[in-house]
Amino acid sequence: MSQVKVRFAPSPTGKIHVGNVRAALLNWLFAQKEGGILMLRSDDTDQARSTKEYEDGIQHDLGWLGITHQAFARQSERFGEYDAAANWLKEQGLLYACYETADELDRKRKLQRARSLPPVYDRAALELSEAEKKSYEAEGRRPHWRLKLSQQPVEWQDLIRGDVKVDTSAVSDPVLIREDGQYLYTLPSCVDDVDFGITHVIRGEDHVTNTATQIELFAHLIRFKGAGTMPAFAHHSLLVGADGEGLSKRFGSLSIEGLREAGIEPQAISSLLARLGTADPVQPKADINELVEGFSFEKMGRAPARFDPKELEQLNAKILHDLPFTALADRLAALDVDEPLWLAVRGNIEKLSDVSTWRDMIREQIDPVIEDKAFTDEAATLVPDALDETSWKELVNTLKEKTGRKGKQLFMPLRLALTGLPHGPDMPVIFQLIGPEKARARLRGERA
Ligand code: GLU
């Protein structure tokens, strides 16, 4: 078999969100696993709504997540190819002109419904004579163009859904070109998939019916070009909210940019999205490449995958708790956090920005909380001039011997005085980072 080549094909008409990214990630994982290529395709045939800013934003978001692509194409640069294919389809009688207005089509559908018939386009336009078409054009009507489906069942072996069968007699002939001349997504997508040698089309199950019509279109295009092969298909289930409702309605704001701004790390997103909808447990993976080995379409179910933002936040904390300083060196430098401080506090944060709370607790002035002045005053006299990793243990042991205190009674007054808080990172490291002068002052109850 030839090298695997897949594509992620967003329309640059908005920001990408977790739903799109799941499709991108599944394509990437499959390509990585198979030693293949991922193409990023900008589906920008809708020139009125597509923008360069959105296209750049999508590339930036994918790069941030580590979803790398090895090839790129832009549909707006390929209209010549689509025109050639459309002209050939017209010559073959496979793409036919229709003159109904939106209102007329609507009326037809209503009549069908009233008679309990499926709202499938009745192909009235196929009966139009040349004279009738001319008279419509003379009225100022422009045609839209429909693909003539075989009205036969179309079947394929879906890599996720198994055997799928769609009867195209229950599907309206799809409009490929609008009356203003704009190509809808179907034709350009198939022309590109054939021209670029896409071996597997991996996308959401909302495209299952499209796939049936596209399989027919692929067959025509392969005949037209005298080359190319039909890709294999994998339709993944869609994400739903934790309550089972549709994701796009309830969580429309879950754009990748929004998550980044909310302090979610890319690894939390990839770790979650790679395993949602499979029986495998979701595990924090600090490197996206670690997700490749466990990936397989066979593990993916047909049930909707539940996306819970809370799970994402928990995963985010777990990712941060184990990340080495080097993985975040630039961002930590911007927060003026060095390696010892990072290692001391990373286990106590949920978002990276939380690190500044602990940084300030250590470096800035705080108001100590004094519970037992005599005890903490005594502790202050026992703080040596230089602190190392054993200093905390020595201080606590000496105080234990001198006062007979133990457990919480021994530790808590010290923690409260030194940090102003009843909880936080482990004291041995914190004590050392606070330093002897500040530690003595805080134990004496002074703002320091
Ligand atoms: N631009 C299409 C979409 O976003 C691509 C679908 C496909 O993968 O074929 O729905």
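The values are calculated or read from the model by the stated rules, or taken from the named source; none is laboratory data. Note that this is a predicted model, so its numbers are computed, not measured. Note that we place each Cβ from the backbone using ideal geometry, even for glycine, and neighbour counts take in every protein chain shown. SASA here: full protein model, heavy atoms, side chains in, ligands and nucleic acids out. Shrake-Rupley method; radii C 1.70, N 1.55, O 1.52, S 1.80 Å.
The figures follow:
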quantity	calculated
Length added when fully stretched, Ser116-Ile222, from 0.36 nm per residue minus Cα-Cα	34.4 nm
Cut-off under 5 Å, modelled amide H: who pairs with Phe307 long-range	Val240, Gly241, Ala242
Loop sites in region 257-325: trypsin sites (Lys or Arg not before Pro), DSSP, at most 16 other Cβ within 10 Å	Arg302
Summed residue charge, Cβ within 14 Å of Ala23's Cβ, Lys/Arg positive, Asp/Glu negative	0
Centre separation in Å (Cα based) which lies between region 333-347 and region 425-448	17 Å
Region 376-448: C-alpha gyration tensor shape, a/c 1.5 cut-off, then a/b vs b/c	rounded
Residue-averaged 222 nm ellipticity for the chain, from DSSP H runs of 4+ at -39500 (n - 2.57), nearest 500	-13500 deg cm²/dmol
Members of Lys52/Lys285; Lys5/Lys299; Lys318/Lys402; Lys15/Lys108; Lys134/Lys225; Lys110/Lys133 lying beyond 28 Å, as alpha-carbon distances in this model show	Lys52/Lys285; Lys318/Lys402; Lys15/Lys108; Lys134/Lys225
Computed FRET value (nearest 0.05) for Glu155 with Arg123, which takes r as the C-beta separation and R₀ as 35 Å	0.90
Long-range amide H partners of Gly204 with built H, under 5 Å	His236
Gain upon complete extension [Glu364, Glu394; 0.36 nm per residue less C-alpha separation]	8.3 nm
Listed residue pairs exceeding 23 Å between alpha carbons, taken from Lys310/Lys351; Lys351/Lys438; Lys373/Lys406	Lys351/Lys438
Alpha-carbon centroids, region 75-98 and region 29-56: separation in whole Å	22 Å
Antiparallel DSSP beta bridges within the chain, percent to nearest 5	50 percent
Within-15-Å neighbourhood charge of Leu40 [Cβ basis; K, R +1; D, E -1]	-1
GluC sites (Glu not before Pro) restricted to region 217-304 and DSSP loop, no more than 13 other C-beta within 10 Å	Glu245, Glu293
Stretch gain in nm, segment Ser356-Ser2, where the contour uses 0.36 nm per residue and the Cα spacing is subtracted	122.3 nm
When the convex hull of its Cα atoms is projected in every direction, mean area for the chain (nm²)	28.5 nm²
Built amide H within the under 5 Å cut-off of Phe233, gap 5+	Leu159, Val201
Restricting region 397-448 to trypsin sites (Lys or Arg not before Pro) in coil, as DSSP defines it, with at most 12 other Cβ within 10 Å	Lys406, Arg447
In sequence order, calculated HN-Hα J values of region 135-140 (Karplus, 6.51, -1.76, 1.60; Hz; x Gly/Pro)	5, 4, 5, 5, 6, x
Among Pro281, Pro188, Pro231: highest mean-square fluctuation, GNM of the chain, C-alpha pairs under 10 Å	Pro281
Whole-percent carbon and sulfur share, accessible surface of region 61-153, 1.4 Å	49 percent
Projected label distance in nm at Ala84 and Phe72, using a 7 Å step from Cα toward the beta-carbon	2.4 nm
Label-point separation in nm, Gln92 to Glu137, each point 7 Å along Cα→Cβ	2.4 nm
